[in-house]
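The next block holds one structure in the form of structure tokens; read it before the comments.
The values are calculated or read from the model by the stated rules, or taken from the named source; none is laboratory data. All values reported here derive from a predicted model rather than from experimental measurement. Don't worry about glycine lacking a Cβ; one is built from the backbone with ideal geometry, like all the others, and counts go over all protein chains shown. These area figures cover heavy atoms from the full protein model, side chains too; ligands, DNA and RNA do not enter into them. Shrake-Rupley method; radii C 1.70, N 1.55, O 1.52, S 1.80 Å.
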Amino acid sequence: MSDTPSDIGPQATTPRAATPRITVADYLLRRLRELDVEHLFGVPGDYNLGFLDQVTAFPGLTWVGTCNELDAAYAADGYARLRGAAALVTTFGVGELSAVNGIAGAYAESVPVVAVTGMPATAVAAAGRPVHHTLMDGEYGHFGRMFAEVTVARADLTAENAPAEIDRVLRAMYRHSKPVHLNLPTDVVLARVPEPAGPLVVPDEPADPGLLRDFLASCARMLDGARSVTVLAGHEAERFRLRGPLRDLLAAAPVRAAAFSSGKGVLDETAPGFVGAYTGEISDKRARAAVEDADCLILAGAPVSDSVTGGFSHHFTPERTIELRPGRAAAGRGVYGGIAMAEAVAGLAGLLRGAELPEPDGYGEPAAPADAATGSGAGTGGLTQRQLWSAIGAFLPVGSVLVAEQGTAFYGAQEVPLPADGRFVGQPLWGSIGYTLPATLGTGLAAPDRRSVLVIGDGSLQLTAQELGTMTRYGAAPVVVVVNNDGYTVERAIHGATASYNDIAAWDYTALPAAFGAGPGTVAVRVETPAELADALALAARTPDELVLIEAVLPRDDAPELLTALARRFAEQNAYGA
């Protein structure tokens, strides 16, 4: 018998390497890092402490402890607007319900945020034990059902389903640009699961070539003979990564461009065709003509609402409108499902290159801003809204992030041209006052190379002022301009001009940074004249690594013209006294 391998029994084989196993916590954190998340916001609670141990030990992640869970949600929202995704961590019940308003705002404004809730152990929930932070009724699904109303996907994680469910939920967040929710029980945090087998984000399937061809053919017919084309952008254009595609479209032909207030910043406001904000009948004459008189209007991620259209006073008809929304496109009254906005924009750019459009009147002429206060002696009278915004517009550094609180600040900011590569953050659709100060914490950490400049009313600041301390704790260095006009001017403009319910407490705003733990380098000044404001902004420019708070004292009833006009429409819409 020959001594061959077949003669000596079964051959030895090299065992297949087992798939490496990691904890559920590490699986989730790896996926978040894939989405470029480097900071997690939240508040510790006894049902999330084990997970927070893993967060603080994970390479490349920083835990950011905020003063409350609502502020954590706001901060995550601001972070996601610049990074493309964000995460917050709360404890079960009391913590997650504190955050739910912020998650609802992210849903309304299409911001991709994952809310992770640390919840009681699986066996405790299964037994319906009446532990703290529950409603004492043995039911553990109440709060998840609440989150289901303001998220596009959610899951209760187990040791068995965690990898598949984490991937499903996070992919839904990325694909729809909406918030999602994960319940993470204490005993699941350290359960061992296989490490990720492939990338989280996979390219979308391209649209059916025939469908895309039919859509572009319809668009070509609308463009045939058109002498003027205008692009009107909204917030979905920003959330669905259309900044680059829209830049290419505007470069393809001499078209004009405008933005809803919700879409401010997505278009290059230094581009030759940009005409400013469009707000229906209360728009600037140039912007209104560009949108309403265009032979063909391209709506890019621009759903309408009362606050962005001047109380639904917009005037454009479907017959001359090409509308691009997530997952669908329309040309006139023809609707084509399954076409991504980026594909549609690229196709339209190709059509415009061959359209030979004439250059419209005024093309390349920027709107002339009001004269800015430019130094000591620039003015000794009291400061006005017009002077405030003129000075802020002149101050904004290249690439900076202008954050404007809903109310006088938001509508004043609409008239300020952003600098090259500038960004804008506001919340006109959800409109939760106090949002922007924590959101500025988020923008500052998301993009530390960009100076965040926040303008916020005194009433709004009082809701979330404590996050000034969190900013300095984590090294964020924004410029915070507090508009001190003695109460809720936006509400006075709508109703109750002299009503006591629109009054607020008189705070010493320049004392706040120190009270909340800011270091000695922090700048806090009060200004009452254009010259003092100019000097304060010059000081801010010289201290780019420090938090700068400027209390700007303005007349109680002074409001931007855009807000005054919109307030009248809201008052009519609400039918006070009817």
Notebook entry, point to check: Between ARG526 and THR543, what is the spin-label point distance in nm, taking each point 7 Å from the Cα along the Cα→C-beta axis?
Noted result: 1.7 nm
Item checked: For ILE22, net neighbour charge (Lys/Arg +1, Asp/Glu -1) across residues whose Cβ lies under 12 Å away -> +2
Note to self: Using 0.36 nm times the number of residues separating VAL398 and ASP293, minus their current alpha carbon distance, what extension gain do you get?
What the structure shows: 34.5 nm
Next item on the list: Could you pull out which residues in segment 216-251 have an amide N less than 12 Å from a spot 7 Å beyond the Cα of ASP204, following the Cα-Cβ vector?
Entry: 237, 239-242
Next item on the list: For the chain, state the average projected area of the convex hull of the C-alpha atoms over all orientations, rounded to one decimal in nm².
Entry: 35.6 nm²
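Please compute the length gained on full extension between THR498 and MET146, using 0.36 nm multiplied by the number of residues separating them and subtracting their Cα-Cα distance.
Details: separation 352, 0.36 × 352 = 126.72 nm, distance 3.78 nm.
Gain on extension, THR498 to MET146, equals 122.9 nm.
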Check: From a point 7 Å beyond the Cα of LEU211 in the direction of its Cβ, which residues of segment 329-370 have a backbone N at a distance under 16 Å?
Finding: 329-331, 334-345, 347
Next item on the list: Could I have the simple spin-label model distance between ALA123 and ALA18, label points 7 Å from Cα toward Cβ, reported in nm to one decimal?
Entry: 2.4 nm
Next item on the list: Calculate the spin-label point distance for GLU195 paired with ASP46, positioning each point 7 Å from the Cα along the beta-carbon direction, and give it in nanometres.
Entry: 3.6 nm
Note to self: Out of the total accessible area of segment 450-578 (probe 1.4 Å, heavy atoms of protein only), what percent is carbon and sulfur?
What the structure shows: 50 percent
Next item on the list: Report the relative contact order of segment 520-567, percent, no decimals, based on alpha-carbon pairs under 8 angstrom and at least 6 residues apart.
Entry: 46 percent
Notebook entry, point to check: How much of the DSSP beta bridge set in segment 472-578 is antiparallel, as a percent to the nearest 5?
Noted result: 0 percent
Note to self: If you take every residue apart from THR498 with its C-beta less than 11 Å away from the C-beta of THR498, what net charge results, scoring Lys and Arg +1 and Asp and Glu -1?
What the structure shows: 0
Next item on the list: Would you compute, from DSSP H runs of 4+ residues alone, the mean residue ellipticity of the chain at 222 nm, taking -39500 (n - 2.57) per run and dividing by the full residue count, rounded to the nearest 500?
Entry: -10500 deg cm²/dmol
Item checked: FRET efficiency, ARG386 to ARG241 (Cβ-Cβ, R0 35 Å, nearest 0.05) -> 0.50
Next item on the list: Let me have the relative contact order for the chain, percent, based on Cα pairs under 8 Å that are six or more residues apart.
Entry: 13 percent
Checklist line | Most positive-pole-ward Cα, ALA531, ALA499, LEU512, against dipole of segment 475-578 from beta carbon charges | finding: ALA499
Note to self: Given axes a ≥ b ≥ c from the Cα gyration tensor, I'd like to know whether segment 119-184 is rounded (a/c under 1.5), prolate (a/b larger than b/c) or oblate.
What the structure shows: oblate
